[in-house]
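So the structure is just underneath, and the comments pick up after that.
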Amino acid sequence: MPLREQLATTDLWLGRVAGAAPKRRALIVDSLDGRRHELRYDQLIVALGSVSRTLPIPGLVEHAIGFKTLSEAIALRNRVLSLLEIAETVRDAETRAEYLTFVFVGAGYAGLEGLAELQDFMSDVIDLYPRCRVQGMRWILVEARERVMPEVAPDLAAFAERELRGRGIEIRTNTTIERVGESSVTLKGGEVVPARTVVWTAGVKPHPVVARLGLPLTDGGRIEVDRTMRVAGHDDVWAIGDAAAVPDPARKGQPSPPTAQHAIRQGRRVARNVAAELGAGGRVRPFTYKTLGVFVDMGRQKAVASTAGIKWRGFPAWFLARTYHLANMPGTKRKLRLVVDWTVSLLFSRDTSELGQLGHPPLLAEHPAPPALDDSAAQ
Ligand SMILES: Cc1cc2nc3c(=O)[nH]c(=O)nc-3n(C[C@H](O)[C@H](O)[C@H](O)COP(=O)(O)OP(=O)(O)OC[C@H]3O[C@@H](n4cnc5c(N)ncnc54)[C@H](O)[C@@H]3O)c2cc1C
């Protein structure tokens, strides 16, 4: 959703926040070309979101892929398509298995959805790769706790687990990883799984720049705010979303969970609160939204959902999830594009174009030659 389309009446600055000086009511922002600016504010709303939370596991940062941003998701899709291409050129089945094994670490809804959707995509496209098709893929979901998706009711989580096991996905609960290498991952207990794709979906933490804003933080590193989302000790600063510990109206003493359904509603409420503070009417009110439900999409037109106490599974849950996400897409034009896009993908087979090279053209004079042939190969 392009910001400039959505925010037609806003003075939009695209840049990276580097820090803040709340006493001077100033925000330090680097514009896209690297120039540093100081922006003065009357009221500041911080909504910097979160990043993947990593652990000090050897090789994790070097070899695993995150699944937090759109660019990571697109890179993962391109990567698995490239790995299929490489696997087709590998003669040894044991080595080929490294390219055809995919490990997701963290079975919250984001990890489970990511694995299920990617596996669904790959099982459709693998028919185009004869050697890979004959050998088959291996999918593993690793979770440190005793069950998948603690965010949803146990029976819905069990349904999702059965669905995934039915597709041949291995689910390892009560399991952690000890090491990640370029072509293998070591599980707790020493089992070494040959795999070149390890996706890390084991939780999020506030964006690191949050700690440079001079604002009070909770133990979890989120910005400390009251129920109106005003930052403790700062009358003119507000914080929302994953970066803030907004008290959860549904669970006393707990911060709101890091979900879009909370962040979006906090955004609306805080906008009204700031307007009230500036004298534009209304009163500063607390955030009162209580979670209505959760959707977990699993590809193959299947999902699990829980909405206002009603549990859904299979196709009805998938249809509800799609409808809900469509309703949340901002703007009629975007909604229509999405409906057309989804309808087209129902009618046709998967698009298997590998798009990783887009946006990275070679330099004008750069035509890299392959390495020179040695004498024996040239004969
Ligand atoms: C795979 C996945 C699936 C999910 N599925 C769901 C779901 O189904 N339902 C649900 O409710 N939630 C879901 N979530 C959670 C949801 O995405 C987040 O809770 C929500 O996006 C948080 O909103 P936010 O505004 O706090 O942060 P974000 O949406 O992360 O927005 C923060 C913005 O700040 C920008 N930013 C960061 N640093 C800087 C900086 N230094 N300067 C300037 N800008 C900066 C970022 O680029 C970003 O645009 C999912 C998350 C993941 C990772």
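Of note:
- Helix axis angle, 70-89 relative to the chain longest principal axis, alpha carbon, degrees: 0
- Using the Cβ-Cβ distance between residue 47 and residue 91 with R0 set to 45 Å, the FRET efficiency works out to roughly 0.30.
- Accessible area (Å², 1.4 Å probe, nearest 10) - residue 9: 140
- Taking the longest Cα principal axis of the chain as reference, the axis of helix 109-125 is set at about 40 degrees.
- Kirkwood Rh (inverse of mean 1/r, distinct Cα pairs), segment 119-246, angstrom: 18.4
- Degrees separating the helix 154-166 axis from the principal Cα axis of the chain, which is the longest one: 20
- Spin-label model, residue 337 to residue 366: label points 7 Å out along the Cα-to-beta-carbon direction sit 2.9 nm apart.
- Backbone HN-Hα couplings from phi across segment 323-333 [Karplus 6.51/-1.76/1.60, Hz, Gly and Pro as x]: 4, 5, 5, 4, 4, 8, 5, x, x, 5, 4
- Estimated at the nearest 10 Å², the accessible area of residue 109 is 60 Å² with a 1.4 Å probe.
- Which of 294, 61 is most accessible, then next, and so on - probe 1.4 Å: 61, 294
- Straight-distance crosslink candidates among lysines, where the alpha carbon sits under 27 Å from residue 23 and sequence neighbours closer than 8 are dropped: 205
- Inter-label distance for residue 5 and residue 117, nm, one decimal - labels placed 7 Å from Cα along Cα-to-Cβ: 1.8
- DSSP-defined antiparallel bridges as percent of all bridges, the chain, nearest 5: 65
- The Cα-based radius of gyration and maximum Cα-Cα distance (Dmax) for segment 173-262 are 18.4, 54 Å.
- Less than 5 angstrom separates the built amide H of residue 51 from those of 205, 207, all sequence-distant by 5 or more or on a different chain.
- Solvent-accessible ranking of 312, 318, 342, 238, largest area first, probe 1.4 Å: 312, 342, 318, 238
- If the Kirkwood radius is taken over C-alpha pairs of segment 121-166, then at 4 °C and 1.567 mPa s the Stokes-Einstein diffusion coefficient equals 101 µm²/s.
- Compactness of segment 211-335 as Cα Rg over 2.2 N^0.38 Å, two decimals: 1.24
- Label point at residue 278 placed 7 Å out along Cα→Cβ; residues across segment 212-247 whose backbone nitrogen lies under 15 Å: 236-238
- Within a Gaussian network of the chain (alpha carbon springs, distance under 10 Å), most fluctuating of 212, 25, 337: 337
- Treating r as the C-beta distance of residue 350 and residue 271 and R0 as 41 Å, the FRET efficiency rounds to 0.55.
- Coupling constants for segment 277-287 follow from the phi torsions by the Karplus curve (6.51 cos²θ - 1.76 cosθ + 1.60, θ = phi - 60°), and in residue order they are 5, 7, x, 8, x, x, 10, 6, 10, x, 7 Hz; glycine and proline get x.
- Segment 154-260, accessible surface, carbon-and-sulfur percent (1.4 angstrom probe): 49
- In this structure segment 1-93 gives 65 Å² per residue of accessible area when probed at 1.4 Å with all protein chains present.
- In this structure, the amide hydrogen of residue 18, modeled 1.01 Å from its nitrogen in the peptide plane, lies closer than 5 angstrom to those of 28, 29, 30, counting only residues at least 5 positions away or on a different chain.
- Once the mean of 1/r is taken over each pair of separate Cα atoms and inverted, segment 152-209 shows a Kirkwood hydrodynamic radius of 13.9 Å.
- Backbone N within segment 283-315 under 13 Å of label point (7 Å from residue 226 Cα along the Cβ vector): 284-287
- Extents of segment 280-379, largest first, come to 78, 44, 25 Å (Cα atoms, principal axes, whole angstrom).
- Across all C-alpha atoms in the chain, the radius of gyration and Dmax reach 23.7, 84 Å.
- What the Cβ-Cβ distance of residue 188 and residue 71 gives, at R0 = 41 Å and to the nearest 0.05, is a FRET efficiency of 0.85.
- Among 51, 237, 29: highest mean-square fluctuation, GNM of the chain, C-alpha pairs under 10 Å: 29
- Within segment 107-126, backbone nitrogen closer than 17 Å to the virtual label 7 Å beyond the Cα of residue 307 toward Cβ: none
The values are calculated or read from the model by the stated rules, or taken from the named source; none is laboratory data. Because the structure is predicted, anything quoted here is derived from the model rather than measured. All Cβ positions, even for glycine, are placed from backbone atoms using ideal geometry, and neighbour counts span all protein chains on display. Remember, those area values only see protein heavy atoms, side chains included, never the ligands or the DNA or RNA. Shrake-Rupley method; radii C 1.70, N 1.55, O 1.52, S 1.80 Å.
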